[in-house]
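The next block holds one structure in the form of structure tokens; read it before the comments.
The values are calculated or read from the model by the stated rules, or taken from the named source; none is laboratory data. Keep in mind that what you see is a predicted model, and the values were worked out from it rather than measured. Ideal geometry is used to build each Cβ from the backbone, glycine not excepted, and the neighbour counts take in all protein chains shown. Only protein heavy atoms, including side chains, enter the accessible area calculation; ligands, DNA and RNA are left aside. Shrake-Rupley method; radii C 1.70, N 1.55, O 1.52, S 1.80 Å.
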Amino acid sequence: METWGWSTMLQFTLILALVFGLGLAVAIVIESFRRRFNHSHLEAHPIFEDPNSLKQVNCPYIYDPAEKYISLIVPAYNEELRLPGALDETMNYLQERAGKDHSFTYEVIIVDDGSKDGTKRVAFDFVRRYKVDNVRVVLLGKNQGKGEAIRKGMLHSRGKLLLMLDADGATKVDDMEKLENQILAVARVKHQSAGDISEAIQDIPIVAFGSRAHLEKKALATRKWYRNFLMKGFHVVVLLAAGPGVRDTQCGFKMFTRAAARKLFTNIRLKRWCFDVELVYLSKYFKIPIIEISVTWSEIPGSKVSALSILNMLWEMSLMSVGYRIGIWKISNRES
């Protein structure tokens, strides 16, 4: 009787696991199908407003010719406290560099992802101080996720090079020179030119990822065991979803040439934490070189990543794998 009881329980457990697995698979396919047009759902141009004159400013698009050397895209959600320090450091660096090199032109695009605090006020204060030609604000209205905020900023930027960086200032802005120099070096080889590559750079697809992989050993020693377990599991899933080649997909410090951004951000569908993994997948699809470069990074209090974020990442990676691999998500290669 006891043996029969255990056998029945085992069979029941297996049936439940099978039903759950099938249900999850169906849910993933349905959600992937629902998101098949997510890359084209917000193509309407935002309105840039000059807070000094209250006049509207023409909004560029990623298919337009570049007007600046570099654009910095800063996604911000409830960053009233951390944003001012990071922006002060960023603007000081950019102004100092522009003062030494008049060919170095820049813009900072702050994307307010539906913040409920004073992030919008802080952002427009910087526009007033540095003028709308140098600092612009995109308002998403409601929270849509870091991936969507960065996508929106990328699509409406003016730079030959485009850098995404977090609003907390965890990575020092002058580390952008490391990414920039590596991109220029690869571009010279691809363009077969030993001279000034600054004009042609916007048309050569290249991506540079800032990386914290060199800090992993120290992080493993200081993090709680369950966080290490979750992160190791996450890395395995990333490997299965996007393939090998990038050790740190989640560092929020990444640089793209305009040509690379055009291909990637007109196709990206994931809105939240896992969009970085989709960028890796799409870069490999388009055969865009990915350079991974160690950057300075420090833990800033107030991180919004949680165990729930990890679960959301796993869910989004499942959607991405199914969406692309069974052809639900089509990839566009539009050039103009």
Inset, instruction - Return the distance in nm (one decimal) between the two label points of a simple spin-label model at Ser7 and Asn333, each offset 7 Å from Cα along Cα→Cβ. - result: 5.8
Inset, instruction - Considering only protein heavy atoms, with the full assembly of protein chains and a 1.4 angstrom probe, order Asp196, Asp133, Asp276 by accessible area, largest first. - result: Asp196, Asp133, Asp276
Legend entry - Sequence of Leu16, Leu24 from largest to smallest accessible area, 1.4 Å probe: Leu16, Leu24
Legend entry - Accessible area of Phe37 in the full protein assembly, 1.4 Å probe (Å², nearest 10): 120
Inset, instruction - Ignoring everything but the protein chains, give the 1.4 Å probe accessible area of Ser7 in square angstrom, nearest 10. - result: 50
Legend entry - Protein-only accessible surface order, largest first, of Arg247, Arg258, Arg97, Arg36 at 1.4 Å: Arg247, Arg36, Arg97, Arg258
Inset, instruction - Starting from the Cα-Cα distance between Cys59 and Val19, subtract it from 0.36 nm times their residue separation and give me the gain in nm to one decimal. - result: 9.4 nm
Legend entry - Accessible surface of Cys59 - all protein chains present, 1.4 Å probe, nearest 10 Å²: 30
Inset, instruction - Return the percentage of antiparallel bridges among DSSP beta bridges fully within segment 1-158, rounded to the nearest 5 %. - result: 15
Inset, instruction - Past 22 Å, Cα to Cα, is the threshold; run Lys160/Lys330; Lys160/Lys271; Lys68/Lys120; Lys100/Lys131; Lys100/Lys120; Lys142/Lys284 against it and keep the listed order. - result: Lys160/Lys330; Lys160/Lys271; Lys68/Lys120; Lys100/Lys120; Lys142/Lys284
Inset, instruction - Could you pull the Cα extents of segment 1-123 along its three principal axes, largest to smallest, in whole Å? - result: 85, 31, 30
